[in-house]
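Input: a single structure, listed below in structure tokens.
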Amino acid sequence: MRVRMLAAGLAVFALVGAGCKGGGGEAAVQVDTLQLAAFAPLPEVMVSQANPISDAKIELGRRLFFETQLSAGNDLSCNSCHALSGFGADTGAVSIGHLGKKGGRNSPTVYNAAAHLAQFWDGRAADVEAQALGPILNPVEMAMPAAPAVLNRLKGSPEYRRLFAAAFPDERDPMTYANLGRAIGAFERKLVTPSRWDRYLNHEDTAITNQEKEGFNTFTATGCQTCHTGAFVGGSMFQKTGLVLPWPDTTDVGREAVTHQPSDRMVFKVPSLRNIDNTAPYFHNGAVRSLDTAVVWMARHQLGKELQPDQVAQIVSWLHALRGAQPLEYIAQPQPAAAPGSQ
């Protein structure tokens, strides 16, 4: 009898002990709450006072994002280099533009990008509305000769005339090149991909695993959050590439080409780490395809640290928690508009 009672008591103790541990019987990992305060969940929409969002703007912007008539060869769209079904990025080191010409930089993802401090790797566009207009006229990208040529094509479509009038009802002449950018920008401002990390930040402790929590602790202990912070885990500052150890390729001078300031040599916008495990290759020139290698390079060149393989694995594990859900209905490709004129 005493043996049976002792066995029962040990069983109860084992159950209580198991209840104090995380899933799989592992002790729960504690996250550094002081470091956690530097991060925030994604907003539902990335608002702009200068370009208020409306359903009509979004409808027009979605159609324009997929519109190949915006390119000289009638074969390229925004989606060609920022495939929404592929996490908004390009799988090549650089994108292929008009007549097979190669761009000079890797195409960054458009997801969660509208709230960044600026657009393009060198920050030459203030917002997504301005950014949307650049590639259309770039001779290496979509290669249209001038804004009037773009508008002439769209004006040949009764449907586009209707969509522009609905999106900008208070304007006498709504079909302008600036409004084209505003419509695409309005569409991009809802390209938000909430992830398990957001659920964790909203106090759902089991949304990420113990291994991912350890990865976050390693990420911050290494110093990566100095640049990759906030709701977008990046996108909020410019930084020199090769801050501690010189970068192996210095042919692209970065923001110096925009500002003409020697202090901006090799300075680029810090990319967001949202969906980073699905947006390879990495860096402004797409030089690295392995996320593990990218982490090693960042620690080495930006922080002067050599990470051990287990530290790299921990950080990469946490980065997986930043993979968000793509808004499949929102990004569905629209039916083609009535064919615009071909002038």
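The values are calculated or read from the model by the stated rules, or taken from the named source; none is laboratory data. Model, not experiment: these values are computed from the prediction. All Cβ positions, glycine included, derive from the backbone under ideal geometry; neighbour counts span all protein chains shown.
So here's what we get for this one:
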| quantity | calculated |
| --- | --- |
| Flag if residue 334 is outside any helix (DSSP H, G or I), modelled with pLDDT under 95, touching a Ser or Thr at 6+ places or on another chain (Cβ under 6 Å) and not charged (D, E, K, R) | no |
| Unique residue being within 30 Å of residue 44 (Cβ to Cβ) and aliphatic (A, V, I, L, M) when the list is 137, 151, 163 | 163 |
| Residues located in the range 119-132, provided they are buried (at least 21 other Cβ atoms within 10 Å of the Cβ) and either more than 17 Å from residue 78 (Cβ to Cβ) or not acidic (Asp, Glu) (or both) | 119, 121, 122, 128, 131, 132 |
| Test result for residue 188, in contact (Cβ under 8 Å) with a residue 40 or more places away in the chain and acidic (Asp, Glu) | yes |
| Members of the range 91-140 that are closer than 19 Å to residue 280 by Cα and of a type in the set (A, V, I, L, M, F, W, C) | 93, 94, 96, 110, 113, 120, 121 |
| Every pair of residues 6+ apart whose Cβ atoms lie under 7 Å, when the first sits in the range 304-327 and is farther than 14 Å from residue 208 by Cβ while the second is surrounded by fewer than 16 Cβ atoms within 10 Å (Cβ to Cβ) and of a type in the set (Val, Ile, Thr) | 304/244 |
| Meets criteria (surrounded by fewer than 17 Cβ atoms within 10 Å (Cβ to Cβ) and farther than 20 Å from residue 74 by Cβ) for residue 173 | yes |
| Elements of type helices (runs of 4 or more DSSP H) contained in the range 75-188, each with 3 or more residues being within 22 Å of the chain's Cα centre (by Cα) | 78-81, 128-131, 134-137, 177-188 |
| Residues (loosely packed, with under 14 Cβ neighbours inside 10 Å and more than 20 Å from residue 288 (Cβ to Cβ)) located in the range 245-259 | 257 |
